[in-house]
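Colleague: The structure under discussion is supplied below as structure tokens; questions concerning it will follow.
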Amino acid sequence: MSQLESALDYARAHKDEHLAELVDLLSIPSVSTLPEHKPDIRRCAEWLKAQLESLGLSTVELKETPGHPIVYGEWLEAPGKPTVLVYGHYDVQPADPFNEWDTPPFEPTVRDDYIYARGASDMKGQIFAQIKALQALTQFGEIPFNIKYLIEGEEEIGSENLEDFIDNNIDLLQCDFVLNTDAGIYAKGQPGITYSLRGLAYFEIELRAHQKDLHSGRFGGTVLNPIHELSKLITGLHDAQGRVTLPGFYDKVRDLPQEERDAIAQLPYSDEDWLGMSGSKVLGGEEGYTTLERVGVRPCLDVNGIWGGFVGEGAKTVLPAVAHCKLSTRLVAHQNHRDIPAMLEAYLKENVPEGLDWSLHDHSGGPGSTMDRHSPYMKAAEDALRTTYGKETLFSPEGGSIPVVGMMQEKLDSDSILLGFALPDDGIHGPNERQYLPNTFTGIETYIHYMMNVGG
Ligand code: BES
Ligand code: MN
């Protein structure tokens, strides 16, 4: 039997063992943002290190950073074959509110073909499937190409230290392409590949009108209310057509080629499904674009939170001293996330009423990215998906952000193939996050086919 056939048989014969190991991995609360989980983060990195060691790589180590460690591994003994950098992240988002989980987030539970746990879909299930695929292949022969693993522990907090790590390890990370497993398919039984991701620029604004909160009767109607003024500033950021009014915001946005619009229009989509997934009753957004265009290939601006004044129970008559909001922009090709702070700053300078103090804090962000859809490595992914699903792959643009993809294009000149098996309704970042287990297992098979395609 060939290495391919033997590996597929092996994967099918070891489903129970694989599920048990996945449960182990998902039981580790590797929440990157919470200091109390620092030991769990390290335990998770060690767990993955042991997995990579079982693959017979020549180097496996934890690369320390000022934050959480990076799991690194390599095997470069296939001269003449491509070098693949496999990317994943082992950190997860916090699991609160805990009372909204039907079963505890770090006690993985199987119900109706789904495994429920924080990180099941974003993205321990994916990197696990890739490792198991390679483990199956290495039972019956050598790895069919050169491989490097880079599994970080800070994706969910903006990959800050990864950026420095890449800058300082350009040679170490050289590769022909990146296999990014932080990805999903279009729908159950329908293979899909994400060909673009939006960039992100995230801010916090503070607007102060007085030294302290005032009596709203004693002073109301005589001085400015910072919440009203902040609301006007926010309202002023969109026009009646739903376009962002920040001067310069669209300057670098590319015109959409008609053929791309046609391709997006061909994707299966219904308002009803979309509203079902979002739990909303109406759609909204920029005029002149469809929902899939709005989310995938058009930029947007959203207030993520707003606060100030009295928000407790009951009524307190107060004229607030200060108002705050958190605000994000999602960016498309060829916008630069580093251009946005100056635009927002100019807007505030121009529009904040005289006598009010304001500050703008720039939180982490990252570049968007567009992948080459016609590279041989992309074809290899389409072929692998066709083999396991018996269907053609749908290519779609994605509204979320994975800054490392753009970073690696910029710094390593390496494109990413986003091959993973999350579903749009897996509930990532929310309560009852889950992964569809048939996807985990087809995922292992798809990665086996993919790796043989790349090596072949
Ligand atoms: N896996 C997600 C990104 C994602 C979500 C891609 C949905 C495609 C569809 C990733 O872990 C994530 O949540 N990224 C953050 C950005 C980061 C800088 C915190 C995001 O998109 O908000
Ligand atoms: Mn993720």
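Colleague: To the nearest 20 Debye, how big is the dipole of region 257-380 about its Cα centre, given +1 on the beta carbon of each Lys and Arg and -1 on that of each Asp and Glu?
Modeller: With only Lys, Arg, Asp and Glu charged at Cβ, the dipole is about 280 debye.
Colleague: Same structure, new question: For helix 3-13, what angle does its Cα long axis make with the longest principal axis of the chain, in degrees from 0 to 90 and rounded to 10?
Modeller: 70 degrees
Colleague: Among 263-275, 341-353, what's the highest-first ranking by average C-beta atoms within 10 angstrom per residue?
Modeller: The peptides rank, most packed first, as 341-353, 263-275.
Colleague: Taking the chain as the reference, fit the longest principal axis to its C-alpha atoms, fit the long axis of helix 38-53 to the helix C-alpha atoms, and give the angle between the two in degrees, 0 to 90, nearest 10.
Modeller: 30 degrees
Colleague: Ok, one more. Hey, what angle do you get for helix 340-351 against the long axis of the chain, alpha-carbon based, 0 to 90 degrees rounded to 10?
Modeller: For helix 340-351, the angle is close to 10 degrees.
Colleague: Along the charge dipole of region 263-366, which of 342, 317, 355 sits closest to the positive end, that is, farthest toward it, with unit charges on the beta carbon of Lys, Arg, Asp and Glu (+1, +1, -1, -1)?
Modeller: Projecting each Cα onto the dipole axis, the largest value belongs to 317.
Colleague: With charges set only on the Cβ (+1 for Lys and Arg, -1 for Asp and Glu), what does the dipole of region 64-114 come to about its Cα centre, in debye to the nearest 20?
Modeller: On the way: 2 positive and 10 negative charges, 63 e Å.
The calculated dipole for region 64-114 is roughly 300 debye.
Colleague: Could you pull out every one of the aspartates and glutamates with an alpha carbon less than 15 Å from that of residue 379, ignoring same-chain neighbours closer than 8 positions?
Modeller: 176, 392, 415
Colleague: Could you give the length gained on full extension between residue 204 and residue 379, defined as 0.36 nm per residue of separation minus the Cα-Cα distance, in nm?
Modeller: Answer, rounded to one decimal: 58.8 nm.
Colleague: Could the peptides 199-205, 300-306 be put in order, highest first, of the mean number of other beta-carbon atoms found within 10 Å of their residues?
Modeller: Answer by packing, highest mean first, reads 199-205, 300-306.
Colleague: Once Rh is set to the Kirkwood radius over Cα pairs, what Stokes-Einstein translational diffusion coefficient, in µm²/s, holds for region 205-336 at a temperature of 25 °C and a viscosity of 0.890 mPa s?
Modeller: 137 µm²/s
Colleague: Next up: Excluding residues fewer than 8 places away in the same chain, name every one of the aspartates and glutamates whose C-alpha is closer than 12 Å to that of residue 281.
Modeller: Leaving aside aspartates and glutamates fewer than 8 places away in the same chain, those within reach of residue 281 are 271, 272, 273.
Colleague: When N is the residue count of the chain, what does its C-alpha Rg come to as a fraction of 2.2 N^0.38 Å?
Modeller: Dividing the Cα radius of gyration by 2.2 N^0.38 Å gives 1.06.
Colleague: Once R0 is set to 22 Å, what does the formula 1/(1 + (r/R0)^6) return for the Cβ-Cβ distance between residue 99 and residue 19, expressed as a FRET efficiency to the nearest 0.05?
Modeller: 0.20
Colleague: Gap in Å between the Cα centre of region 143-209 and the Cα centre of region 360-424?
Modeller: For region 360-424 versus region 143-209, the Cα centre distance is 9 Å.
Colleague: On a straight-distance basis, which aspartates and glutamates could pair with residue 232 in a cross-link, Cα separation under 18 angstrom, same-chain partners fewer than 8 positions away excluded?
Modeller: Answer for residue 232, where 18 Å is the Cα cut-off: 204, 206, 302, 345, 350, 354, 357, listed by chain and number.
Colleague: Related question: Say the dipole of the chain comes from +1 at the beta carbon of Lys and Arg and -1 at that of Asp and Glu; which of 214, 267, 377 then lies farthest toward its positive end?
Modeller: Looking along the dipole axis, the top candidate is 214.
Colleague: I've got another one for you. Which order, highest average first, do 185-195, 440-450, 49-59 follow once you tally other Cβ atoms within 10 Å for each residue and take the mean per peptide?
Modeller: Put in order of decreasing packing, that is 440-450, 185-195, 49-59.
Colleague: Under unit Cβ charges (Lys, Arg +1; Asp, Glu -1), what dipole magnitude, rounded to 20 debye, does the chain have relative to its Cα centre?
Modeller: Magnitude of the dipole: close to 640 debye.
No lab work stands behind these numbers, since they all come straight from the coordinates. All of these numbers come straight from a predicted model, not from anything done at the bench. All Cβ positions, even for glycine, are placed from backbone atoms using ideal geometry, and neighbour counts span all protein chains on display.
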